[in-house]
Amino acid sequence: MRQEDISEIWFEYEGTPLKWHYPIGLLFDLLASSSALPWNIIVHFKSFPEKDLLHCPSKDAIEAHFMSCVKEADALKHKSQVINEMQKKDHKQLWMGLQNDRFDQFWAINRKLMEYPAEENGFRYIPFRIYQTTTERPFIQKLFRPVAADGQLQTLGDLLREVCPSVMAPEDGERKNQVMIHGIEPMLETPLQWLSEHLSYPDNFLHISIIPQPTD
C-alpha cells in the first residue's frame, strides 16, 4: 500500500468501529466479553468512518482527552479542588505514568485524586458512565452520591435502580443482563464508593457495561 493511499488508522471488531477515546477494557467488556482471547480486531488504513469515530490527529489529542476526563471526575468528587492544587508537572507525571505503564509513577499522583476527608465517608459525587449495547445512546451519566441522606452507603444496585432500572431483574424473574466492570461482574450489594476507589479506570471514571446475559 502506498503512503498516499493511507488515511487515518482505525480499528474494527465484527463490523463495529472501536472508539479510541473509550478505554480498551470497556470496549472488550461491551463488545467481546464472550469471545476467546486474544481479541482479534481488524486494523484499517483507509475509509475512515466519519459518522462513527472522532478523529485522533496526534498523541497530544489523546493526552488532552485523558486529562479532560480526569478533571471532570475531580470536579464531581472534590469540586476540582485536588486537580487545581496540582502543578503542571503533576499532570504530566500522571499522563506519562499511564503512557509508559509505570504504575508507581502514575499512582503517586492519582492517589491524591482518590482521597477524601474521613468525616465525609466518600466523594461528593461518583464519576460513572453506564454503557449499553441495546441503545444508540452513548452512555448514561448523572449526579449520584455515594452516601444516602440517611447515612447509608449506596450500592451498585442502588445506582442501577435509580438511573437504569430497566436492567434490573424483576423480583420473580430471571436476570436478562450482566453488569461488567474490568471483565468481572461485581455483586450488586457492593458499595459504590468502594468500586470508585478500586475499580475506576485511569481516567477516574467507573465505566460500567450492561450486556445481555449469555444464553449458553
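Maximal additional length on extending the Glu197-Val43 stretch stands at 52.0 nm, based on 0.36 nm per residue less the C-alpha distance.
Of the solvent-accessible surface of the chain, computed with a 1.4 Å probe and all protein chains present, 52% belongs to carbon and sulfur. A simple charge model with +1 on the Cβ of Lys and Arg, -1 on the Cβ of Asp and Glu and nothing else charged puts the dipole of region 59-114 at about 140 debye relative to its Cα centre.
In plain terms, the chain from Arg145 to Cys56 could stretch by 28.7 nm, reckoned as 0.36 nm per residue minus the Cα-Cα distance. Too long at a 28 Å Cα-Cα cut-off: which of Lys51/Lys89; Lys46/Lys92; Lys51/Lys142? Beyond 28 Å between Cα atoms: Lys51/Lys89; Lys46/Lys92. Accessible area per residue for the chain is 60 Å², calculated with a 1.4 Å probe on protein heavy atoms, without ligands, DNA or RNA. Summing +1 for each Lys or Arg and -1 for each Asp or Glu among the other residues whose beta-carbon sits under 11 angstrom from that of Ile140 gives +2.
Under a Gaussian network description of the chain, with springs only between Cα atoms under 10 Å, the residue in Gly25, Gly183, Gly151 that fluctuates furthest is Gly151. Counting heavy atoms of the protein chains alone, His65 has an accessible area of about 60 Å² for a 1.4 Å probe. Shape annotation for region 1-56: C-alpha extents along the principal axes are 38, 21, 16 Å, from largest to smallest.
Measuring nothing but how far apart in sequence close Cα pairs (under 8 Å, 6+ apart) lie, relative to its length, region 59-114 scores a relative contact order of 27 percent. Dipole magnitude for the chain: about 620 debye, using +1 per Lys or Arg Cβ and -1 per Asp or Glu Cβ, origin at the Cα centre.
Classify region 92-168 as rounded, prolate or oblate, taking a ≥ b ≥ c as the square roots of the eigenvalues of its Cα gyration tensor: rounded when a/c is under 1.5, otherwise prolate if a/b is larger than b/c and oblate if not. Oblate, because a/c is 1.5 or more while a/b does not exceed b/c.
Computed over the chain, relative contact order equals 21 percent, with contacts defined as Cα pairs under 8 Å that lie 6+ residues apart. Placing pseudo-labels 7 Å out from each Cα toward the beta carbon at Arg102 and Ile184 gives an inter-label distance of 2.8 nm. Accessible area of Trp194 (1.4 Å probe, protein heavy atoms only, ligands and nucleic acids ignored): about 120 Å². Note on region 26-137: Cα-Cα pairs beyond 25 Å make up 42% of the total pair count.
The values are calculated or read from the model by the stated rules, or taken from the named source; none is laboratory data. Remember, it's a predicted structure, so these values are computed and weren't measured experimentally. Cβ sites come from the backbone with ideal geometry, for glycine too, and all protein chains shown count toward neighbours. Accessible surface areas use protein heavy atoms only, side chains included; no ligands, DNA or RNA. Shrake-Rupley method; radii C 1.70, N 1.55, O 1.52, S 1.80 Å.
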